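Okay, structure first, notes after.
The values are calculated or read from the model by the stated rules, or taken from the named source; none is laboratory data. The model shown is predicted, which means the values in this text are computed figures rather than measured ones. Because the Cβ atoms are built from the backbone with ideal geometry, glycine has one as well, and the counts that use them run over all protein chains shown. In case anyone asks, the SASA skips ligands and DNA or RNA and just uses the protein heavy atoms, side chains included. Shrake-Rupley method; radii C 1.70, N 1.55, O 1.52, S 1.80 Å.
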Amino acid sequence: MKIILLGYMASGKSTVGKCLAKARQIPFVDLDKFIEQQEKKTIPNIFKENGEVYFRLKEHEYLIELLSKKEDFVLSLGGGTPCYAGNMNAIITAKNTISIYLKGSLKTISERLQYGKENRPLVAHLSDSELTEFVAKHLFERSFFYEKADMKVKTDGKSLKEVVQEIELLLS
Ligand code: S3P
């Protein structure tokens with residue numbers, strides 16, 4: 001089974017994904033890292049040099065490529081992946097695939113995003129006070145797509161171990 005983790009930026013997709021893949025003894029793939037390897041450029045540089053539309057096209061292409069693979073793996077998406085190019089439909093309808101929304105509150109996400117925001121082109125230019133306002137609006141728009149996931153796990157106040165255990169329980 002392919003396990004797809006989705007959710008807003010800084011919701012813990014990669015950290016949880018790595019840990020879950022290790023526990024299940026299957027490979028872990030981070031879509032952003034996969035894009036960077038294939039394009040031989042960092043995400044901020046892709047945004048800067050090619051623009052967001054190019055990034056969204058490549059994100060869609062690589063997602064479809066990964067979904068079509070036979071092997072099982074855990075895949076963590078970028079925060080925007082489910083919201084463009086019919087990606088969420090492709091995920092829901094893909095064979096042998098289960099999607100999980102890692103759901104953090106506005107407060108938790110905004111706090112976590114303040115650190116390391118320079119590597120995230122969509123928020124890098126925002127001050128801390130602008131960030132909360134931006135995330136509130138963005139989360140509201142994106143939740144429509146995130147909520148289509150097969151399963152949801154609330155992450156606020158939970159340790160990595162607790163989140164992974166909860167996912168294991170849901171999958172059992
Ligand atoms: C994006 C999230 C990023 C990355 C890109 C765009 C988004 O991934 O794909 O910067 O649109 O939310 P993370 O969710 O891993 O930060």
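Residues in region 71-108, backbone N under 20 Å from the label point at Phe140 (7 Å along the Cα-to-beta-carbon vector): list them, ranges by number please.
Residues 80, 83-84, 103-108 qualify, since their backbone N sits under 20 Å from the label point.
Specify whether the C-alpha gyration tensor of region 65-118 places it in the rounded, prolate or oblate class, a ≥ b ≥ c being the square roots of the eigenvalues: rounded for a/c under 1.5, otherwise prolate if a/b is larger than b/c and oblate if not.
Here region 65-118 falls in the prolate category.
Among the lysines, which have Cα under 17 Å from the Cα of Lys152 when same-chain residues fewer than 8 positions away are ignored?
Lys2, Lys13, Lys103, Lys161
Quick one: among Val135, Val29, Val53, which has the greatest mean-square fluctuation in a GNM of the chain with alpha-carbon springs under 10 angstrom?
Checking each option, the largest mean-square fluctuation is seen for Val53.
Quick check: net charge around Glu130, other residues with Cβ under 13 Å of its Cβ, Lys/Arg +1 and Asp/Glu -1?
With Lys, Arg at +1 and Asp, Glu at -1, the net is 0.
I need the shape label for region 3-49. Rule: rounded when a/c is under 1.5, else prolate if a/b > b/c, else oblate, with a, b, c from the alpha carbon gyration tensor.
oblate
May I ask you to compute the full-extension gain from Tyr54 to Asp128, defined as 0.36 nm times their residue separation minus their alpha-carbon distance, rounded to one decimal in nm? Write down the numbers at each step before the final one.
Working: separation 74, 0.36 × 74 = 26.64 nm, distance 2.79 nm.
Length gained, Tyr54 through Asp128: 23.9 nm.
When the chain is fully extended, how far beyond the present Cα-Cα distance does Tyr115 get from Ala85, taking 0.36 nm per residue of separation?
Length gained between Tyr115 and Ala85: 7.9 nm.
Pairs Lys40/Lys137; Lys41/Lys117; Lys48/Lys158: which are spaced more than 30 Å apart, C-alpha to C-alpha?
Values: Lys40/Lys137 32 Å; Lys41/Lys117 18 Å; Lys48/Lys158 35 Å.
From Lys40/Lys137; Lys41/Lys117; Lys48/Lys158, over 30 Å: Lys40/Lys137; Lys48/Lys158.
Going by the alpha-carbon gyration tensor, a ≥ b ≥ c the square roots of its eigenvalues, is the chain rounded (a/c under 1.5) or, if a/c is not under 1.5, prolate (a/b greater than b/c) versus oblate?
Oblate.
Tell me, what is the per residue accessible area of region 74-172 in Å², probe radius 1.4 Å?
Result: 54 Å² of accessible area for each residue.
For a Förster distance of 22 Å, can you work out the FRET efficiency between the beta-carbons of Ala23 and Met1, rounded to the nearest 0.05?
With R0 = 22 Å, the Cβ-Cβ based efficiency is 0.95.
Could you tell me what percent of the accessible area of the chain is made up of carbon and sulfur, with a 1.4 Å probe and every protein chain present?
In the chain, the share of accessible area belonging to carbon and sulfur is 54 percent.
Working out 0.36 nm times the residue gap between Gln37 and Glu168, then minus their Cα-Cα distance, what length gain in nm do you get to one decimal?
44.2 nm
I'd like to know how region 59-158 sits against the 2.2 N^0.38 Å rule of thumb: what's its Cα Rg over that expected value?
1.16
Under 12 Å between alpha carbons, and skipping anything fewer than 8 positions from Lys154 in its own chain: which aspartates and glutamates qualify?
Correct list for Lys154: Glu162, Glu166.
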